[in-house]
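Below is one structure, written out as structure tokens, with a few remarks after it.
The values are calculated or read from the model by the stated rules, or taken from the named source; none is laboratory data. The shown structure was predicted, so the numbers you read here are calculated from the model rather than taken from an experiment. Reconstructed Cβ throughout: ideal geometry from the backbone, glycine too, with neighbour counts over all protein chains shown. Protein only, heavy atoms only, side chains kept; ligands, DNA and RNA dropped before computing areas. Shrake-Rupley method; radii C 1.70, N 1.55, O 1.52, S 1.80 Å.
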Amino acid sequence: MEISNVGVVGGVNSKSCYMQKFRLYETRSRFYMIGRDKNKTFWRVLKIDRLEASELNIVEDSTLYTETEYCDILRCIHEGNKSTGGLKFITNCYGIIGFIKFLEPYYMLIITNRKKIGKICGHSVYAITKSEMVPIPHPSVRSKLAYAKDENRYKKLLCSMDLTKDFFYSYSYNIMLSLQKNLCGYNSKGKSLYETLFVWNEFLTRGIRNNLQNTSWTVALVYGYFKQVNLSISGHKFNMIIIARRSRHYAGTRYLKRGVNEKGRVANDVETEQIVFADASDGSPKQISSVVQIRGSIPLFWSQEASPLNIRPDIILSHTDSKFEATRLHFDNLVERYGKPIIILNLIKTHEKKPRETLLRTEFVNAVNSINQNLSEDACLRFLHLDLHRQSRRKATNVLLQLGKVAAIALDLTGIFYFPVTPNTRLEGLFPYSYSGNNNVYETVAVQNSISKFNVDKETKVGNCDYNGDDENKDYNVKPKTLQSGVLRTNCIDCLDRTNIAQFAYGLVALGRQLQMLGFIEDPDIDLDNPLAKEVMKAYESMGDTLAFQYGGSAAHNKIFSERRGQWKAAAQSQELIRIIQRYYNNTCLDGAKQKAINIFLGHFQPQQGKPALWELDSDQYCDIGSHGPNLADGVVGRSLIRRSQSDYILGESDAAIRNLHAPDCQHSSENPDKRSCLESTSDTFTCESSICHCWKIYGGMGNDQYCESDHICYEKHKDACDSSNFLDVDWLSSSGNSCEEELLERSISISSDNIVNEQITEVPASESGPILKERESEEQFNKNGKHTDSFENWVTREK
């Protein structure tokens, strides 16, 4: 909300200031909004016409006023409108959320109360505690709507979007961007920052932004999660901020938004950023670091249809995109956003009695393999598969330790963002482009081209700050700046329960490296029993619950966290069962209305007189309406809802095809008695580190999976050897202990405190009954060693 006009009032350059407090007045013909900066150095006036029933006319007075001048203006307005009631004060407010029109009048959404929830580099971050929707036209010019009933229903629908929950904003910091993009430059390509994928009121503010050509009066709302905590380690105090930003593209609820759309946008797309910084003291430099990870639905065309009669809907997979173009678009977008490499951590099941998740697993692997065939070696997608439902006998600590090893591998590939600030540099001055006139952020070379984790330029210009590596290290004993290149993308089916456990493990490992960069610790490994780890777990558990409520309708399944906290087992089981019932009820009964509210808020559906109302459309029409008329805005689902009748054949695949879904374990099958487990090869093989750990490359499609029996040799019918693959199947984890919803439902008929959530029974195919024991013995040996072999590390890091 920075002022775009250049001017000086009281010695203050208005271009470096922003407005954050406003007063709303009304006359019969106009609304007047008076805005001022925090220090009361200047005032500005916005005029909104009230005599036009269905048009939005907004005029900004370009003059900067002093306090005395603005008071005189109000007196003049009052005197000039005495005949019609004069000037009346309406309310104090803290910014405009936007404007919306349903069937006739426009409404203005404003923030009438707020609370401060954190501060980044001296920039305050706020949450909304109260908002109001104000009709623009004066009652005397409003017609008696023939659509009054529908109008009120749309208003009620919009008001069901609770802006006091999980929305946050900042007046002076680009909260929709990561810290690295804020400090190191973000190439907006001529677009407003409001048009980025994490600003949820982009549609609501479009009218006023286009009219005024600035964002001085509006706030950019981000939806997700924000938490700032004060922590300490080894006598050093520091702040940790967890930010989750939910994408506005293909946004919605659990069963109504699945997979990917034609534009490559995925459901439940959330960027999670972990910021760590220490305040300056005794003249020492302030240091700050951040790391970003993401989650998102499996980028394929698939769906599930919620039904009151089926608590576990079938997964319906569509094969219409045989070339995986939508999947390719998705990963291209990730490279554009985060650079290379893109590391995929897939947490879905490998083995099922009835194929559900395994359908997606096989197709996802085929999609990634197809995309990689057209990519250069350094641009290839890295694919890690961890079946968190297997080996459910493992304790929570062991599961987290293994996930921590995967996190360390990902961090080795991507690095983290670290930026030292000298005493001569103020972080508050590093964001000169926040909310500028058109928000055309200064052009920079693409972040990917400037990123180097190991060879940072000696002199790097950041914003208005020149940083010289040699001088800083000499005078202030700080490390050079480092940048994150690439990102870890984690998914399960819902990207809620299992995914949140993996993201916590990643966050904890990243925190150790961040604290090491800040010079607070020498060893980056943070023990799970460390009080600091418990605080981090608490923050990620809170984030997981918040994101799960937004998408799934209940808090996340947190058995791992419950076990780590030492929660009474029976209480944890009861809690999990309650959450399953809550999620089922919301998905079945309430998500339809919630999805409609989201699409109204985001502008995906825009009501029009004479057109069908939103609630008159069934699912098929609702998702495909964009092709029938202009009342569905760009960005809504780019394809019609996948019908069960079109995909039933998928659920009736032959036994042979289903057996192929379990290909990674075919070498243990009784049909291949001569095939020896990778575990029986030399100690340098990948599988020495896990119970089942295959390096495999898909040459054709399902059923042609190949596996390494050594570091460099892959078994394949028509080849004697193959190069290392970008695919790694690491099945040392078979149960997160956290995604127990299905197991609970299967056993809910005979409920007891021992079998509700206690996932101590692992589904093991009969063909694995012999070799699987050897795998588990090898796993026990691996746990004693506690480290990956050099060959495994070389495979993962060979393209760094």
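At a 1.4 Å probe radius, carbon and sulfur cover how many percent of the accessible area of segment 125-239? Intermediate values should be presented prior to the final figure.
Numbers: 2170 of 4640 Å².
Carbon with sulfur: 47 percent of the solvent-accessible area.
Our coupling estimate for segment 88-94, obtained by passing each phi through the Karplus curve with A = 6.51, B = -1.76, C = 1.60 and θ = phi - 60°, is 10, 7, 9, 6, 7, 8, 10 Hz, Gly and Pro reported as x. Rolling a 1.4 Å probe over the protein chains gives Leu400 an accessible area of about 10 Å². Net charge in the neighbourhood of Tyr194 (other residues with Cβ under 12 Å of its Cβ; Lys, Arg +1, Asp, Glu -1) is +2.
Sort 45-58, 79-92 by the packing proxy (mean of other Cβ within 10 Å over each peptide's residues), most packed first.
Numbers: 45-58: 16.9, 79-92: 12.6.
Most protected by this proxy first, the peptides run 45-58, 79-92.
Average 1/r across all pairs of distinct alpha carbons in segment 45-99, invert it, and you get the Kirkwood radius: 13.3 Å. Phi angles across segment 324-335 convert, under the Karplus curve 6.51 cos²θ - 1.76 cosθ + 1.60 with θ = phi - 60°, into 3J(HN,Hα) values of 6, 5, 5, 5, 5, 4, 4, 6, 4, 5, 5, 5 Hz, Gly and Pro given as x.
Accessible surface area normalised per residue over segment 275-395 is 33 Å², counting heavy atoms of protein chains with a 1.4 Å rolling probe.
Amide hydrogen proximity for Val125: with H placed 1.01 Å from N in the peptide plane, the residues at 5 or more positions away or on another chain lying under 5 Å are Ile117, Gly118, Lys119, Ile120. In terms of packing, defined here as the mean over residues of other Cβ atoms within 10 angstrom, the peptides 545-551, 126-132 line up highest first as 545-551, 126-132. Among 103-109, 490-496, the peptide with the highest mean count of other Cβ atoms within 10 Å heads the list, and the full ranking is 490-496, 103-109.
Rolling a 1.4 angstrom probe over the protein heavy atoms with all chains in place gives segment 127-204 an accessible area of 42 Å² per residue.
Taking other residues whose beta carbon is less than 10 angstrom from the beta carbon of Gly296, and scoring Lys, Arg as +1 and Asp, Glu as -1, yields +1. Net charge dipole, segment 157-253: roughly 180 debye, given to the nearest 20, about the Cα centre with Cβ charges of +1 for Lys and Arg and -1 for Asp and Glu.
In this structure, the pairs whose alpha-carbon distance is over 27 Å, taken from Lys38/Lys119; Lys155/Lys257; Lys21/Lys101; Lys191/Lys340; Lys405/Lys479; Lys323/Lys596, are Lys323/Lys596.
On the protein heavy atoms, probe 1.4 angstrom, tell me the percent of accessible surface of segment 307-403 carried by carbon and sulfur. Intermediate results must be reported in sequence, preceding the final value.
Values: 1780 of 3470 Å².
Percent of accessible area from carbon and sulfur atoms in segment 307-403: 51.
Annotation: amide H of Cys93 within the under-5 Å range of Phe22, Arg23, Leu24, sequence separation 5 or more or interchain, hydrogens built in the peptide plane.
Annotation: amide H of Asn113 within the under-5 Å range of Thr129, Lys130, sequence separation 5 or more or interchain, hydrogens built in the peptide plane.
3J(HN,Hα) couplings calculated from phi for segment 574-591 with the Karplus curve 6.51 cos²θ - 1.76 cosθ + 1.60 (θ = phi - 60°) are, in sequence order, 5, 4, 5, 5, 4, 5, 5, 5, 5, 5, 4, 5, 5, 5, 7, 10, 10, 5 Hz; Gly and Pro show x. With K and R counted +1 and D and E -1, the other residues having a Cβ less than 10 Å from that of Glu55 yield a net charge of -1.
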